[in-house]
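Read the structure below first, then the notes.
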Amino acid sequence: MTGLPFFVYGTLRPGEYNHDRFLLGRTAREEPARLPGALLYDGPGYPYAVPGEGLVAGDLVTAAPGEYDGLLAVLDRVELPAGYERAEREVVRVRDGAAVRAWVYFAAPGAPYGPLIRGGDWRARPAPRTS
């Protein structure tokens, strides 16, 4: 099955610690993108996107041929129990400004998110303070 690409904005982004664990070898393309109409909040080791007046930085991930169903299943298995819900949204691909429909995992009601990440980029967030 061929379906929507995925917009990832936290630990699943290229170079982050869950990327290779869940996406390596399953993607055909990974391109910088932005999610309008959302805010980004810090969470317990990973961020949560919440609908709002903002812009979230991330990557548009397209499944490799024959990998879509497996990728969708593994991402649902990882994300849904962690306090996310999957929704179809329009994201903007950075290289050409094209609007692309994609799956986005948003914070589900009651998700344990913390402070707002100003600027909407999890990679650019301030380092956690240590006691």
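The values are calculated or read from the model by the stated rules, or taken from the named source; none is laboratory data. Quick caveat: nothing in here was measured; it's all calculated off a predicted structure. For neighbour counting, all protein chains shown are included, and Cβ atoms are generated from backbone atoms with ideal geometry for every residue, glycine included. The accessibility values were calculated without ligands, DNA or RNA, using every heavy atom of the protein model including side chains. Shrake-Rupley method; radii C 1.70, N 1.55, O 1.52, S 1.80 Å.
If I stretch the segment between Asp96 and Leu80 completely, what's the gain in nm (0.36 nm per residue apart, minus their alpha carbon distance), one decimal?
Here the answer is 2.7 nm.
Give me the one-decimal nm value for the distance between modelled label points at Asp20 and Ala87, 7 Å along each residue's Cα-to-Cβ direction.
A separation of 3.4 nm, rounded to one decimal place.
Which value, in Å², gives the accessible area per residue of the chain when a 1.4 Å probe is used on the protein heavy atoms?
Counting only protein heavy atoms, the per-residue value for the chain is 54 Å².
For region 1-88, what is the relative contact order in percent, using Cα pairs closer than 8 Å and at least 6 residues apart in sequence?
33 percent.
222 nm [θ] for the chain, helices only, -39500 (n - 2.57) per DSSP H run of 4+, per residue, to 500?
-3500 deg cm²/dmol
Compute the longest continuous run of the chain that contains no exposed trypsin sites (Lys or Arg not before Pro); treat a site as exposed when its DSSP state is not H, G, I, E or B and it has at most 12 other Cβ atoms within 10 Å.
Longest site-free region, per DSSP loop and neighbour criteria: 1-94.
Which value, in debye to the nearest 20, gives the size of the charge dipole of the chain about its Cα centre, when Lys and Arg are +1 and Asp and Glu are -1 at the Cβ?
280 debye
Considering the Cα positions of the chain, please state its Rg to one decimal place and its Dmax as a whole number of Å.
14.0, 49
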